[in-house]
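The values are calculated or read from the model by the stated rules, or taken from the named source; none is laboratory data. Bear in mind that the values here come from a model prediction, so they are computed numbers and not experimental data. Every residue, glycine among them, receives a Cβ derived from its backbone with ideal geometry; neighbour counts consider all protein chains shown.
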């Protein structure tokens, strides 16, 4: 783990991501609070989240095709610089009449985010060797959880003491710092493409369709995306029902919800550290499968413990422990996709994952709203927890066969083959 952070290019990308994500969380906490203070409207506040969701559904897939055409490092630098400029109009928002500016900023930020996500995941295999990829993804998961723990706390303090303008400036500075760090990476980050003129002349739509065809053609990729779809749908249900569960089942409020969310972030940090330290011994397939099963079982324990024991603290402990399988699950799926998909197509595949994730989470949110009153939060959350157990079992049964049975990405064929043999043993 430490050896990987000593590698210059990976270290620059890692710290750039940490700084940028922390700034995002600062503004993510401050902005909805500020809009609600100005308008007193929950509808206006929810408009921020809708403005972020629409580009994720509409543009994520096609954005991945552009990422595969462009230099991934340059894409990240330009996107961060644009983000730095885009947030500045928020400095002018001082009344309810100016709230549409917030929606516009949130929309454009989300558009830019459709490019940065696939670019980051496609760039990572260029920064580390194949046998370091699992550890690198674990460190990125640690990065995400550190930002999730630091950013909201910092955002709350900055908002309380200095107001929205200070939060905006802090977020803008974080984008500028990230652009400088990522710009200093020395590795070539352009996708491996043929020099044939006909390939360069292909339309972006044809390349996008090529990416979809690859997903359909590759059984391993199609299986991974199908398994993730189950999790995405469950996360949409969870986003609504978890708040209801805190209120109705454990009798808590905002304070208890905050404790549970903090426990999850702390558990994620611990999980990232542990996984980064031992990941060189692990098979990504087993990691993904067993992590899904364990996470699902811990979710079931979390949702049902109030039937036996009152109070929130056992829940904080359980959700903290669940941080390790959550990190392992996310690390496993990301690494498997990076191993299985050629460099030329990685942006498109991760773009499709982004669009699919946003779409299914929206469907899950709507289902939770429609079925929550009929079935109750506990039933829906138990279905969500059980779905992760199902994903884990299916991963352990299906993936060794599908990944061993077809040709893997040329750059990682040897590594992926060894992985499949280890998993089958």
- For residue 260, state whether it is crowded, with 18+ Cβ neighbours inside 10 Å, farther than 30 Å from residue 345 by Cβ and either assigned by TED's automatic domain parsing to the domain that holds residue 373 or without any contact (Cβ under 8 Å) to a residue 60 or more places away in the chain (or both). yes
- residue 92, sole failed condition from (1) closer than 14 Å to residue 21 by Cα; (2) free of Cβ contacts under 8 Å to residues at least 12 places away in the same chain: (1)
- Message: Against the condition on the phi < 0 side of the Ramachandran plot, touching a helix residue (DSSP H, G or I) at 6+ places or on another chain (Cβ under 6 Å) and not assigned by TED's automatic domain parsing to the domain that holds residue 211, how does residue 79 come out, does it pass?
- Response: yes
- Does the range 267-277 include one or more residues that are under 22 Å from the mean Cα position of the chain (by Cα), over 21 Å from residue 152 (Cβ atoms) and buried (at least 21 other Cβ atoms within 10 Å of the Cβ)? yes
- Message: I'd like the full set of residues that are surrounded by 15 or more Cβ atoms within 10 Å (Cβ to Cβ) and not in a helix (DSSP H, G or I), limited to the range 88-106.
- Response: 93
- Task: For the range 206-222, name all the residues that are exposed (fewer than 14 other Cβ atoms within 10 Å of the Cβ) and either touching a helix residue (DSSP H, G or I) at 6+ places or on another chain (Cβ under 8 Å) or touching a residue at least 12 places away in the same chain (Cβ under 8 Å) (or both).
- Result: 216
- Item | Test result for residue 148, closer than 17 Å to residue 88 by Cα and in contact (Cβ under 8 Å) with a residue 24 or more places away in the chain | no
- Among residues of the range 166-189, those that are within 21 Å of the chain's Cα centre (by Cα) and without any contact (Cβ under 8 Å) to a residue 12 or more places away in the chain, counted: 0
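With respect to residue 356, is the statement that it is farther than 14 Å from residue 238 by Cβ, surrounded by fewer than 23 Cβ atoms within 10 Å (Cβ to Cβ) and at pLDDT 90 or above true?
yes
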- Looking only at the range 239-257, which residues are free of Cβ contacts under 8 Å to residues at least 60 places away in the same chain and not in a helix (DSSP H, G or I)? 251, 253
- Query: Based on what the data block shows, is residue 386 under 28 Å from residue 245 (Cα atoms) and outside any helix (DSSP H, G or I)?
  - Reply: no
- Query: Picking from 365, 379, 334, 402, which residue would you name as being within 15 Å of the chain's Cα centre (by Cα) and assigned to a helix (DSSP H, G or I)?
  - Reply: 334
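Residue-wise test of (1) within 30 Å of residue 210 (Cβ to Cβ); (2) more than 18 Å from the chain's Cα centre (by Cα); (3) not assigned by TED's automatic domain parsing to the domain that holds residue 208.
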site: 17; (1), (2), (3): yes, no, yes
site: 26; (1), (2), (3): no, no, yes
site: 30; (1), (2), (3): no, yes, yes
site: 34; (1), (2), (3): no, yes, yes
site: 45; (1), (2), (3): no, yes, yes
site: 48; (1), (2), (3): no, yes, yes
site: 54; (1), (2), (3): yes, no, yes
site: 60; (1), (2), (3): yes, no, yes
site: 64; (1), (2), (3): yes, no, yes
